Amino acid sequence: MDKTFIFEILNNFSNSNIYKLKIIYDNVQIELEKESKDLKENISLDEKTLGVEQTQHVPEAVHKVEKEKKDVEIVKSPIVGTFHSAFSPGLKPFAELGMIVSKGQVLCVIEAMKVMNEIKSPCDGVIEEIYAFDGDILQYDSPIFAIQR
């Protein structure tokens with residue numbers, strides 16, 4: 001898969017009504033997801049962006065939209081590590097879109113130095129957005145979930 005082909009996929013995806021796309025070709029896997037159906041801002045990617053091994057799935061515009069919403073709690077990563085939606089692949093995720101969660105309920109685990117760290121809900125509410133995919137490398141303070149209180 002060359003960069004031209006990837007740019008074509010990105011361009012077609014951003015101009016479409018599709019909100020989630022997963023492509024597996026040989027040993028390459030590409031997952032694309034638009035963060036919000038209400039988000040009108042286009043994200044431009046250049047060759048430098050594609051050269052980065054890990055990219056964040058959360059555009060800056062999403063942070064602005066979330067800050068404007070009232071009664072939304074953004075759960076952020078307290079550590080650097082690998083995001084896992086469940087303890088093991090194939091198991092049901094701890095949290096899914098639209099799920100009602102309680103304060104203290106486990107939402108995901110972040111693996112750091114072979115240690116599984118449980119990330120718990122800071123409040124009661126409904127999972128409104130999930131910003132991370134299984135296997136994503138999260139940085140400190142990266143948004144993971146948006147919970148509508």
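Nothing in this text is a laboratory measurement; each read-out follows from the coordinates by a stated rule. Bear in mind the structure is a predicted one, so any value in this text is a computation, not a measurement. As a convention, Cβ positions derive from the backbone with ideal geometry for all residues, glycine included, and neighbour counts pool all protein chains shown.
Here the simple spin-label model places points 7 Å from the Cα toward Cβ, and for N12 and I24 these points are separated by 2.0 nm. From a point 7 Å beyond the Cα of F87 in the direction of its Cβ, which residues of segment 115-149 have a backbone N at a distance under 16 Å? Taking a point 7 Å out along Cα→Cβ of F87, the residues of segment 115-149 whose backbone N falls under 16 Å are 115-120. Counting neighbouring beta carbons within 10 Å and listing from fewest to most, the residues S16, S121, S88, S77 come out as S88, S16, S121, S77.
Rounded, prolate or oblate: pick one for segment 69-148, where a ≥ b ≥ c are the square roots of the eigenvalues of its C-alpha gyration tensor, a/c under 1.5 means rounded, and failing that, prolate if a/b is larger than b/c, else oblate. Walk me through the numbers on the way to the answer.
On the way: a/c = 1.84, a/b = 1.41, b/c = 1.31.
Because a/c hits 1.5 or more and a/b exceeds b/c, segment 69-148 counts as prolate.
Packing-based ranking of 90-100, 135-145 yields 135-145, 90-100, ordered from highest to lowest mean Cβ neighbour count within 10 Å.
If R0 is 22 Å, the Cβ-Cβ spacing of D124 and E96 corresponds to a FRET efficiency of close to 0.85.
Stretching V115 away from E31 to a fully extended chain increases their span by 27.6 nm, per 0.36 nm per residue minus the current alpha-carbon distance.
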